[in-house]
Amino acid sequence: MPVIDLVTLIEAPIAIVFDLARSIDAHRESQTAHNERAIARGGGTTAGRTSGLLEEGESVTWEATHFGIRQRLSSRIVTMSRPTHFRDSMVEGAFARFDHDHFFEAEREKSTRMRDVFDFDAPLGPLGRLANRLFLERYMRKLLEERNRVLKQLAEGGAKTDWG
């Protein structure tokens, strides 16, 4: 059960960083290499937003290409304490499970420490554990680092504050 723990320092106010981290539009921009997009799903537990800012209890279904395979993954914001924390958890997708905690701490008036804790289990039991060791954990870390790099650029570049 790998846990990826990343810290990114961003020269922007905590409220802006928090909103960018829960913005479907900003996330999509950070994952263009994988053609990631939010899609509408028909009803049920995985129906969700396709743009804007996610709120507690809301879900999003992403469609993207990873490892040459078009995949879908639905997650829900299961807890939120604006502007210091939120957690999204997988509802449906390729992982056995995942929980992604996003923590935000104001360092100074216009500086934020953003911390991601991504805790996941690969599917397929022993094969999944082998995949974790060989490539999956490194792949997921790289995805999160790229996302954070783009969020940092958006926030520090004076990104609009209404990503919804």
Report the label-to-label distance for M1 and D99 in nanometres (one decimal), using points 7 Å from each Cα along the Cα→Cβ vector.
0.8
So what is the relative contact order for the chain, in percent, with contacts set as C-alpha pairs under 8 Å and at least six apart?
31
Rounded to 0.05, the calculated FRET efficiency for the beta carbons of R133 and T32 at R₀ = 30 Å is 0.55
Would you tally the net charge around T8, using a Cβ to Cβ cut-off of less than 12 Å, leaving T8 out, and scoring K and R as +1, D and E as -1?
-3
For the stretch 79-127, which GluC sites (Glu not before Pro) pass both filters: DSSP loop (anything but H, G, I, E, B) and at most 14 other C-beta atoms within 10 Å?
E109
Pop out the ³J(HN,Hα) list for the stretch 85-100 in order, Karplus 6.51 cos²θ - 1.76 cosθ + 1.60 with θ = phi - 60°, rounded to Hz; leave Gly and Pro as x.
6, 8, 10, 10, 10, 5, 9, 7, x, 6, 6, 5, 5, 7, 10, 10
In Å², what does the accessible area per residue of the stretch 1-112 work out to with a 1.4 Å probe?
47
Averaged across orientations, what area in nm² does the convex hull of the alpha carbons in the stretch 71-145 project?
5.8
In Hz, Karplus ³J(HN,Hα) per residue of the stretch 110-117 (6.51, -1.76, 1.60; θ = phi - 60°; x = Gly, Pro):
10, 9, 10, 9, 9, 10, 10, 10
Semi-axes of the equivalent ellipsoid for the chain, Cα gyration tensor, largest first, Å:
25, 18, 15
Counting only protein heavy atoms and using a 1.4 Å probe, what share of the accessible area of the chain belongs to carbon plus sulfur, as a whole percent?
52
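The values are calculated or read from the model by the stated rules, or taken from the named source; none is laboratory data. Only a predicted model underlies this, so the values are computations on that prediction, with no experimental measurement involved. A quick note on method: Cβ atoms are made from the backbone with ideal geometry, for glycine too, and the neighbour counts reach across all protein chains shown. Ligands, DNA and RNA are stripped out before the accessible areas are found, and what is left, the full protein with its side chains, is counted by its heavy atoms. Shrake-Rupley method; radii C 1.70, N 1.55, O 1.52, S 1.80 Å.
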